[in-house]
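Readers should treat all values here as calculations from the given coordinates under stated rules, not as data from a laboratory. Keep in mind it's a predicted model, so treat the numbers as computed, not measured. Glycine also receives a Cβ, built like all others from the backbone with ideal geometry; neighbour counts cover every protein chain displayed.
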Amino acid sequence: MKITEFKIKLKGLTNVELAELLEDNSTNLSKLKMNHKTAELENPIELRDLRRNIARINTELKAREIQEANK
């Protein structure tokens with residue numbers, strides 16, 4: 001998924017859905033890290049992509065929090 005598509009997808013989700021997505025991605029990242037420690041990953045770039053997606057989700061959640069505080 002391209003970055004812009006992912007950002008558009010994030011804006012269309014509710015806070016609850018974002019939290020669930022964050023939880024899923026964090027779990028997947030932990031599993032991939034463990035697999036990477038024990039054996040070589042087929043595509044190690046997945047680690048970077050997941051880490052960046054988690055950061056994007058956190059950024060969107062924080063932006064919404066700030067927006068709610070300013071209202």
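Just a few scattered comments:
- Cut-off 15 Å between beta-carbons: net charge of the residues surrounding G12, Lys and Arg +1, Asp and Glu -1: +1
- Length-normalised contact order of the chain in % [C-alpha pairs under 8 Å, at least 6 apart]: 40
- A63-E23 pseudo-label distance in nm [points 7 Å out on the Cα-to-Cβ vector]: 2.4
- Restriction of the trypsin sites (Lys or Arg not before Pro) in segment 1-56 to DSSP coil positions whose beta-carbon has at most 12 other beta-carbons within 10 angstrom yields K2.
- Where GluC sites (Glu not before Pro) in DSSP loops with at most 12 other Cβ within 10 Å are excluded, longest remaining stretch of the chain: 1-39
- The lysine pair count for the chain, using Cα distances under 18 Å and pairs eight or more places apart or on different chains, is 5.
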